[in-house]
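Worksheet: one structure, shown below.
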Amino acid sequence: MTLHLLADMTWPEAAELARRTPLALAPTGATEAHGPHLPLQTDVIIAQGSCRRAAELLAAEGIECAIAPPFYYGVTNFGMPFAGTVTIPDDTLTQLVVAVCDSLAAHGFTRIVFSNHHLEPAHFAAIKEGARRVTESGRARVGVPDVREARWAATLTDEFRAGSRHAGSYETSLVMADRPDLVREEKRRSLPPVWIDLPDRIRNHGARTFREAGSEQAYFGDPARASAEEGEAIFAALARMIAVTAKELLIEGR
């Protein structure tokens, strides 16, 4: 199958694709510290990898889609104590989501699914707010599947459900499956587990940064246990989540 990466296409090619399908996937991540073993673009790698695999699932059912260029910047206040992290204000992200969706819709891509894999609460909320505004405007229907929701979290790993979900086995396995060249293997294998429930530290203990949540190296979970095989299994679940959301949007629009 041919992946339709919007940034690699010419404008006539994009116009022709929009005549065949209204569906676009939007990979969304951040530039943020992910331990001493993973790159700052980890969330973007996961978002793009999930979109590629979702496009393959959809193509197998005869559904084409565009894959938009990724969002590299997001609300990343938790990682700001660590070098290289870049954060933007919540309302800036919401406005960006609205502007991107409006542009895609203007060219015929009126069913848009965000593949967001940066889980900072304010970041996810800003994306959902932008999606809500666009959907309520009637310009497009926008889906934002949330891996934290029970129906999707149930398909993921025990580590993810336990809340140790930043740069541990879960995210490290995903990067190992998609960009193994960017994993610092010697460092990864030497890291001890950090069993801290990050969402609990945020909700119930007021943590505002990874350090306040108890991690001095910006990771939680057990990176040393990660594997490419686990990564591919997780990607399969993430791709299904995006594909199901896309099909729901297409059905709603009929």
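Nothing in this text is a laboratory measurement; each read-out follows from the coordinates by a stated rule. Computed from a prediction, not measured in an experiment: that's the story for all the values here. When we count neighbours, we look across all protein chains shown, and the Cβ atoms used for this are built from the backbone with ideal geometry, even at glycine.
Nearest 20 debye, what's the magnitude of the dipole of the range 4-249 about its Cα centre given +1 on Lys and Arg Cβ and -1 on Asp and Glu Cβ?
Values: 26 positive and 32 negative charges, 77 e Å.
Approximately 360 debye in magnitude.
For the chain, the longest principal axis of the Cα atoms and the long axis of helix 169-178 meet at an angle of about 50 degrees.
Give the residue list of chymotrypsin sites (Phe, Trp or Tyr not before Pro) in the range 97-204 that are DSSP loop and have at most 16 other beta-carbon atoms within 10 angstrom. If you can, show how the numbers build up before the last one.
Numbers: sites: Phe109, Phe114, Phe124, Trp152, Phe160, Tyr170, Trp195; in loops: Phe109, Trp195.
When the chymotrypsin sites (Phe, Trp or Tyr not before Pro) of the range 97-204 are filtered for loop state and at most 16 Cβ neighbours within 10 Å, Trp195 remain.
Filter the GluC sites (Glu not before Pro) in the range 175-254 down to the DSSP loop ones having no more than 13 other Cβ atoms within 10 Å, then list what survives.
Details: sites: Glu185, Glu186, Glu212, Glu216, Glu229, Glu230, Glu232, Glu248, Glu252; in loops: Glu216.
Passing both the DSSP loop test and the Cβ count: Glu216.
Across all directions, the shadow cast by the convex hull of the range 174-254 built on its C-alpha atoms averages 7.7 square nanometres. Within the range 126-169, the GluC sites (Glu not before Pro) that combine a DSSP coil assignment with at most 12 other C-beta atoms in a 10 angstrom radius are Glu149.
Going from the fewest other Cβ atoms within 10 Å to the most, the residues Lys187, Lys247 appear in the order Lys187, Lys247.
With Cα atoms as the point set, the chain shows a radius of gyration and Dmax of 17.8, 53 Å.
Mean residue ellipticity at 222 nm from the helices of the chain, using -39,500 (n - 2.57) per DSSP H segment of n ≥ 4 over the full residue count, to the nearest 500 deg cm²/dmol? Don't skip to the answer; put the middle values down first.
Numbers: 11 runs with 125 residues, N = 254.
Taking each H run of at least 4 residues, the total per residue is -15000 deg cm²/dmol.
If you take the square roots of the eigenvalues of the alpha-carbon gyration tensor of the range 135-230 and sort them as a ≥ b ≥ c, do you get rounded (a/c under 1.5), prolate (a/b over b/c) or oblate? Because a/c hits 1.5 or more and a/b fails to exceed b/c, the range 135-230 counts as oblate. The Cα trace of the range 72-132 gives Rg and Dmax of 12.6, 41 Å, the first to one decimal, the second as a whole number. Helix 11-20 versus the longest principal axis of the chain: what is the Cα-based angle in degrees, 0 to 90, to the nearest 10? Around 80 degrees separate the two axes.
Can you tell me how much longer the chain between Glu64 and Arg189 gets when fully stretched, taken as 0.36 nm per residue apart minus their C-alpha distance, in nm with one decimal?
Values: separation 125, 0.36 × 125 = 45.00 nm, distance 3.98 nm.
Difference between extended and current length: 41.0 nm.
Taking a point 7 Å out from the Cα of Ser227 in the direction of its Cβ, the residues of the range 157-190 whose backbone N falls within less than 16 Å of it are 157-159, 169-178, 189.
With respect to the chain, whose longest principal axis is taken over its alpha-carbon atoms, helix 42-60 is tilted by about 40°.
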